[in-house]
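Engineer: Below is one structure. I have some questions about it.
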Amino acid sequence: MTRRNPILWRDDVQAFMTDWNIQSRARACEECGRDFADQETYHTLLFDEKAAFRRTDICQGCWQRQFSEGGRERKGFVSYWQGIYEAPAPPSEPIQKETAESLLVKLIELSDPHYVPASFILAVMLERKRVLKVKDQLVREGRRVFIYEQAKTGDVFTITDPNLQLNQLEAVQHDVASLLEHGLNPPAPAAPDGAAGEASGQPPMATASPDPAATADAAPVQP
């Protein structure tokens, strides 16, 4: 199995980092400005603006008047789906423990190429748990792009497949497990005894040298 050049891999990652983003569901129609009512049907359009994808949420009336007839190419959007608007729930107590979803949001917002493979694995995990749903798959500049939607909040996650190789999976899985356990700020490794003594200003404790006579007495007698 051939190994990918890590320098080329990093260049590839940086080239499509702009494809990784989160766009929240609008609270009002972006055509007429009317607020969405709870349980109202809305329509989501995704436009490819080269630098990034742009999401637009519109009401049923605006959809029928402006977008319902005609092909995608003529209307300019590359993906479309229909949803039911759910009014935001009252704010709850913050959750201290890191979850796969909250971690994915943080990694995407961080825009660090180092976390691209971990973000992709987290998205797949959330898809299997039915937290995220694949609304569409696109091919952009030769790369597969997944359009995910969070079922409850309506947030859209645009995530590019990093095309992980088999020899990379174990390391990525280890990174994901570590991130889920410790988050983005893992605990510092324990300092050696000597270093701890220096940090506290106390000299390290001296270790007594063994007494040669005592060592000889304790040694087994050879027949």
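The values are calculated or read from the model by the stated rules, or taken from the named source; none is laboratory data. Please read all numbers here as calculations on a predicted model, not as lab measurements. Neighbour counts are summed over all protein chains in view; Cβ atoms, including those assigned to glycine, are modelled from backbone coordinates with ideal geometry.
Engineer: Please go through the stretch 10-34 and pick out each residue that is in a loop (DSSP other than H, G, I, E, B), modelled with pLDDT under 90 and farther than 11 Å from TYR85 by Cα.
Structural biologist: PHE16, TRP20, SER24
Engineer: Now for a different question. Determine whether ILE95 is among the hydrophobic types (A, V, I, L, M, F, W, C) and at pLDDT 90 or above. It would help to see each step written out before you state the result.
Structural biologist: On the way: among the hydrophobic types (A, V, I, L, M, F, W, C): yes; at pLDDT 90 or above: no.
No: the conditions fail for ILE95.
Table: residues versus (1) surrounded by fewer than 19 Cβ atoms within 10 Å (Cβ to Cβ); (2) part of a helix (DSSP H, G or I).
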residue	(1), (2)
SER102	yes, yes
VAL116	no, yes
MET125	yes, yes
LYS133	yes, no
VAL139	yes, no
ARG144	yes, no
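Engineer: With THR215, THR153, THR207 as the choices, which residue is at pLDDT below 90 and closer than 30 Å to PRO88 by Cβ?
Structural biologist: THR153
Engineer: Among the residues in the stretch 148-166, are any in a strand (DSSP E or B) and farther than 20 Å from THR99 by Cβ?
Structural biologist: yes
Engineer: I'd like the full set of residues that are outside any strand (DSSP E or B) and without any contact (Cβ under 8 Å) to a residue 24 or more places away in the chain, limited to the stretch 35-70.
Structural biologist: Of everything in the stretch 35-70, those that are outside any strand (DSSP E or B) and without any contact (Cβ under 8 Å) to a residue 24 or more places away in the chain turn out to be GLU49, LYS50, GLN60, TRP63, GLN64, ARG65, SER68, GLU69, GLY70.
Engineer: Across the stretch 148-164, what is the total count of residues that are among the aliphatic types (A, V, I, L, M) and over 18 Å from LYS106 (Cα atoms)? Explain how you work it out, then say what you get.
Structural biologist: Taking the stretch 148-164 and keeping what is among the aliphatic types (A, V, I, L, M), we get 151, 156, 159, 164.
Still in the list and also over 18 Å from LYS106 (Cα atoms): 151, 164.
Looking only at that region, the number is 2.
Engineer: Before we move on, is TYR85 under 16 Å from the mean Cα position of the chain (by Cα) and surrounded by 15 or more Cβ atoms within 10 Å (Cβ to Cβ)?
Structural biologist: The answer is no for TYR85.
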